[in-house]
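The values are calculated or read from the model by the stated rules, or taken from the named source; none is laboratory data. The structure presented is a predicted model; accordingly, all values stated were derived computationally and were not measured. Backbone-built Cβ (ideal geometry, glycine too); neighbour counts: all protein chains shown. Side chains are part of the model used for accessible areas, which takes the heavy atoms of the whole protein and leaves out ligands, DNA and RNA. Shrake-Rupley method; radii C 1.70, N 1.55, O 1.52, S 1.80 Å.
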Amino acid sequence: MPEKKTIERARRDRRQGKSPSTQAGEFVREEFHHIREGKHGARSTKQAIAIGLSKARRAGVRMRPPRPGTTSEETREHAERDFEKGQSETRPRISPRRSRAVLGALKREGTSAASPEAISRQAHRAARSRSPSERRGAALKAARSRTHAERSQSARKAARTRKSRSR
């Protein structure tokens, strides 16, 4: 069950007109936080992200399941099921035994999946699978949603990065 604060943050994102993936990001962030504080672990960063996305879909975020061919059929079916559960009005009763079993299994996993290094590695891997033009488009879209102060802060950081790499 997602925390109340997480749901509120996702709702605020929706009110601001942000994309479903941004709204779902709040749930992924919460998952990383749980792993870091030792509530449970995760086998990999990918698993932590998957748990967060599943929670987001079940909480009603309109995050579409991946298209056929992009992921395994099993993953896609799970995502479809989560999406439908989140969009339906009735809430099914959750089995306490199953919840305990899942939490018990996750508690046996390590916590390094939520380390800054692991998250950075995962982000770089995900970015590598996208073309330069796709990455550029994402950067331009992000720049459009920033305020003037945030844009200048980003420009200063970019200049610093360029300077450190030119040495």
Handout entry: Criterion: modelled with pLDDT of 95 or more and within 21 Å of Glu31 (Cα to Cα) - qualifying residue of Gly104, Gly86
Key = Gly104
Practice task
Pull up segment 67-111, narrow it to residues that are surrounded by fewer than 12 Cβ atoms within 10 Å (Cβ to Cβ) and small (Gly, Ala, Ser), then point me to the one that is nearest to the chain's Cα centre (by Cα).
Solution key: Ser72
Exercise for the section: Scan segment 154-167 and report the pairs whose first residue is farther than 13 Å from Ala139 by Cβ and whose second residue is open to solvent by 50 Å² or more (accessible area, probe 1.4 Å) and not in a helix (DSSP H, G or I), with Cβ atoms within less than 7 Å and a gap of 6+ or a chain change. Expected result: none
Completion exercise
Within segment 29-66, of all residues that are basic (Lys, Arg) and closer than 22 Å to Gly104 by Cα, the one farthest from the chain's Cα centre (by Cα) is Lys39
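Results for (1) open to solvent by 80 Å² or more (accessible area, probe 1.4 Å); (2) aliphatic (A, V, I, L, M); (3) in contact with a helix residue (DSSP H, G or I) (Cβ under 8 Å, 6 or more places away or on another chain); (4) more than 30 Å from Ser44 (Cβ to Cβ), shown as yes or no for each residue.
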{"residue": "Ala126", "(1), (2), (3), (4)": "no, yes, no, no"}
{"residue": "Ser133", "(1), (2), (3), (4)": "yes, no, no, no"}
{"residue": "Gly137", "(1), (2), (3), (4)": "no, no, no, no"}
{"residue": "Ala143", "(1), (2), (3), (4)": "no, yes, yes, yes"}
{"residue": "Thr147", "(1), (2), (3), (4)": "no, no, no, yes"}
{"residue": "Arg151", "(1), (2), (3), (4)": "yes, no, yes, yes"}
{"residue": "Arg156", "(1), (2), (3), (4)": "yes, no, no, yes"}
{"residue": "Arg162", "(1), (2), (3), (4)": "yes, no, no, yes"}
{"residue": "Arg165", "(1), (2), (3), (4)": "yes, no, no, no"}
